[in-house]
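Input: a single structure, listed below in structure tokens.
The values are calculated or read from the model by the stated rules, or taken from the named source; none is laboratory data. Treat the numbers as computed from the prediction; the structure is a model and nothing was measured. Note that each Cβ is placed from the backbone with ideal geometry, even for glycine, and that neighbours are counted across all protein chains shown.
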Amino acid sequence: MPLTSSAHLDTFCRDNLPPEEEWPELRFDLAPTLHYPERLNCAVELLQTASQEHGAARPCLLSPDAEPWSYGDLERVSNQIASVLVDDYGLVPGNRVLLRGPNNPWLVACWFAVLKAGAVVVTTAPLLRARELRTIAEIASVDIALCDHRLTDELSKADIPARHIIEYGGDGGLSRAVHSKSGAFTPVDTAADDVALLNFTSGTTGRPKATMHFHRDILAIADTFSAHVLQPLPDDVFTGTPPLAFTFGLGGLVIFPLRVGAASLLLEKATPDELADHIAANGVTMCFTAPTAYRAILASGKAAQLSGLRRAVSAGEHLPAATWQSVLDATGIRLVDGIGATEMLHIFISASDDEIRPGSTGRAVPGYLAAVVDDSGRQVPYGQPGRLAVKGPTGCRYLADSRQHAYVQNGWNITGDTFIQDRDGYFWYQARNDDMIVSSGYNIAGPEVEEALLRHPDVSECVIVGLPDEVRGQLVTGFVVLRDSVGADEANLDDGGELRDDNQPSAFGVGLCRWLLRLDSQPEGRLLRGRHPEVHNDSVVPRCCPARSLPTAGP
């Protein structure tokens, strides 16, 4: 499918798309709603269309203890921000704009403003630290950064190569500048296949990959998973815990509700207990979080707070049948399981209502095809494990990254998961088939944690693996060899027994450390991550040390 004429004056994204022969096969014939015009700005389609159909005064973005934003409010403020970016900071279509902030209306307004201006959104998680932010900014060649005024410290330390860093949410910066703008802005007439988003995903090498998503992709995930599985209504109220930097959160908290004129309750931070209280207090009917959070809500005795939910979506990690059943028994709610990927933008296998089979992830969402294949790309017999392969209206396009070849094979997106498909078309998760650890809904690349540990002055060697854990799904576990001059009792630990190092990746801690004399490795020196290391000297007693609490949810 040849690309159409781009509206981007800055051609960075078009120039760095993978060659078309390396793309997956894109299918728009698998659902009747997947036909989009050549010229399309998804921000206009999501926001202006909903406002016109349901009225500008309709509630749109809700926040605890704050006045709601209407669709008209979001339209006006996003127009004002777009005007500031274009008029005052010289933003042109195709520029990349990094967003940094918690889930709140201002972050959503910035997201819409960037898209209306024809630029490309690069949303980052609030937990990221300076080193991670700089890497993302360098890969995306960021031009401008918009940052919540409470989160500027790490961004300043990152010293990112952007022309401008602009604060929002306080008394100055963007929050003051918008008052000089009328609220009228003509959105850029982007192409449906212009890049709208760069979303980053961890790779097993530790180097983040930028996934490139078009304007039409943003609508496609609403017109597939949301339309066919969730079936939202304009009167629904959505909420959840994943940051908008995660595509699970972006879809569930912004794209899906606004596609139908519904409202979204945005939570900057919420424990499972607090999430349950917010659901009850605000009449929430659609919830997005990880199995970890649903288990925690039941354990806290707040199952009754979920009684108003019409849909409860679980993703980010495998949903065990026992968890599904315990939620059903306690609340009467049938959790909607699903698997998605940043490369695919959102969920492509799922089921709801009577179609659910506990323990199964579901069937291919209308609009997608899924299969289980062997290493040669041939479909394996039903009931046998193999690699999950998917194709549909969205697919993997890495920005200037050789790992495109690994993810896209023979036109299929190979997700890195091992599944079994039964004769009824249901898919049953078995394991990850790479070095990615999925803990409390977060995708954690083992080598990335290893890299951080190896920067610690007391560490000689280490390997990170994911061990089974009833609460988190997997526990990030480090097998660490200390330097010869350092004993386990002498290592630089904090009060909790954790290696003290501010450079540790931010979204997680090492849940368990074991001190070893040496690690198994292959002859060429590559550590055998797939086999749990063993202690090779009885005189060394492995020492377990708890880490920081892991986050409770995320994709």
Next item on the list: Go through the range 127-153 and count every residue that is within 21 Å of LEU267 (Cβ to Cβ) and either buried (at least 22 other Cβ atoms within 10 Å of the Cβ) or modelled with pLDDT of 95 or more (or both).
Entry: 7
Note to self: Quick check on my filter: what residues within the range 266-299 are surrounded by fewer than 18 Cβ atoms within 10 Å (Cβ to Cβ), among the small types (Gly, Ala, Ser) and either under 20 Å from SER226 (Cβ atoms) or at pLDDT 95 or above (or both)?
What the structure shows: ALA280, ALA281, GLY283
Notebook entry, point to check: Which of the residues that make up the range 158-188 are assigned to a loop (DSSP other than H, G, I, E, B) and under 23 Å from the mean Cα position of the chain (by Cα)?
Noted result: ILE160
Check: Which of (1) in contact with a Pro (Cβ under 8 Å, 6 or more places away or on another chain); (2) assigned to a helix (DSSP H, G or I); (3) among the polar types (S, T, N, Q) is the odd one out, the single condition ASN103 does not satisfy?
Finding: (2)
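Need a quick list: strands (runs of 3 or more DSSP E) entirely within the range 329-431 having at least 3 residues that are among the aliphatic types (A, V, I, L, M) and over 19 Å from VAL229 (Cβ atoms). Can you show your working first?
Working: elements: 336-340, 347-350, 369-373, 385-391, 412-421.
Strands (runs of 3 or more DSSP E) meeting the threshold: 369-373.
For every residue, the table says whether it meets (1) hydrophobic (A, V, I, L, M, F, W, C); (2) within 27 Å of PRO291 (Cα to Cα); (3) buried (at least 21 other Cβ atoms within 10 Å of the Cβ); (4) in contact (Cβ under 8 Å) with a residue 40 or more places away in the chain.
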| position | (1), (2), (3), (4) |
| --- | --- |
| PRO358 | no, yes, no, no |
| ASP374 | no, no, no, no |
| VAL408 | yes, no, yes, yes |
| GLY425 | no, yes, no, yes |
| GLN430 | no, yes, no, yes |
Check: Can LEU155 be described as part of a strand (DSSP E or B), touching a residue at least 12 places away in the same chain (Cβ under 8 Å) and under 22 Å from GLY249 (Cβ atoms)?
Finding: no
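Within the group ALA66, ALA57, which residue is surrounded by fewer than 17 Cβ atoms within 10 Å (Cβ to Cβ), modelled with pLDDT of 95 or more, more than 30 Å from ALA389 (Cα to Cα) and small (Gly, Ala, Ser)? Even if it seems obvious, please write down each step before you answer.
Numbers: ALA66 fails: modelled with pLDDT of 95 or more.
The conditions single out ALA57.
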Check: So which residues in the range 109-148 are within 17 Å of PHE12 (Cβ to Cβ), over 18 Å from the mean Cα position of the chain (by Cα) and either assigned to a strand (DSSP E or B) or among the charged types (D, E, K, R) (or both), if there are any at all?
Finding: GLU138, ASP143, ILE144, ALA145
Check: Out of ALA162, ALA196, ALA158, ALA184, which single residue is under 25 Å from THR415 (Cβ atoms) and aliphatic (A, V, I, L, M)?
Finding: ALA196
Check: What single numbered condition from (1) without any contact (Cβ under 8 Å) to a residue 40 or more places away in the chain; (2) farther than 18 Å from GLU45 by Cα; (3) buried (at least 24 other Cβ atoms within 10 Å of the Cβ) fails to hold for ASN103?
Finding: (1)
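Residue check: is GLY316 in contact with a His (Cβ under 6 Å, 6 or more places away or on another chain), crowded, with 24+ Cβ neighbours inside 10 Å, of a type in the set (Gly, Ala, Ser) and within 25 Å of GLY395 (Cβ to Cβ)?
It is false that GLY316 is in contact with a His (Cβ under 6 Å, 6 or more places away or on another chain), crowded, with 24+ Cβ neighbours inside 10 Å, of a type in the set (Gly, Ala, Ser) and within 25 Å of GLY395 (Cβ to Cβ).
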Notebook entry, point to check: Are there any pairs with C-beta distances below 9 angstrom linking a residue in the range 118-136 that is over 14 Å from LEU146 (Cβ atoms) and in contact (Cβ under 8 Å) with a residue 24 or more places away in the chain to a residue that is surrounded by fewer than 19 Cβ atoms within 10 Å (Cβ to Cβ) and among the basic types (Lys, Arg), with the two at least 6 apart or on different chains, and if so which?
Noted result: ARG129/LYS157; ALA130/LYS157; ARG131/LYS157; ARG134/LYS157; THR135/ARG207
Next item on the list: Identify all residues within the range 406-427 that are over 16 Å from ALA341 (Cα atoms) and touching an Asp or Glu at 6+ places or on another chain (Cβ under 7 Å); write none if there are none.
Entry: GLY411
Next item on the list: Spot the failing condition for THR4; the list is (1) assigned to a helix (DSSP H, G or I); (2) of a type in the set (Val, Ile, Thr); (3) surrounded by fewer than 19 Cβ atoms within 10 Å (Cβ to Cβ), and only one is missed.
Entry: (1)
Item checked: First in the range 208-234 and at positive phi, second anywhere and surrounded by fewer than 23 Cβ atoms within 10 Å (Cβ to Cβ) and in a helix (DSSP H, G or I), Cβ under 8 Å, 6 or more apart -> none
Next item on the list: Kindly check whether there is at least one residue in the range 79-92 that is assigned to a strand (DSSP E or B) and either within 26 Å of the chain's Cα centre (by Cα) or closer than 20 Å to LEU197 by Cα (or both).
Entry: no
Next item on the list: Could you grab me the full set of residues in the range 149-204 that are small (Gly, Ala, Ser) and under 23 Å from ALA125 (Cβ atoms)?
Entry: SER156, ALA158, ALA162, GLY169, GLY170, GLY173, SER175, ALA196, SER202, GLY203
Next item on the list: Return the total of residues in the range 432-450 being among the hydrophobic types (A, V, I, L, M, F, W, C), at pLDDT below 70 and in a helix (DSSP H, G or I).
Entry: 0
Item checked: Yes/no for GLY308 being among the small types (Gly, Ala, Ser), more than 18 Å from LEU61 (Cα to Cα), surrounded by fewer than 24 Cβ atoms within 10 Å (Cβ to Cβ) and at pLDDT 95 or above -> yes
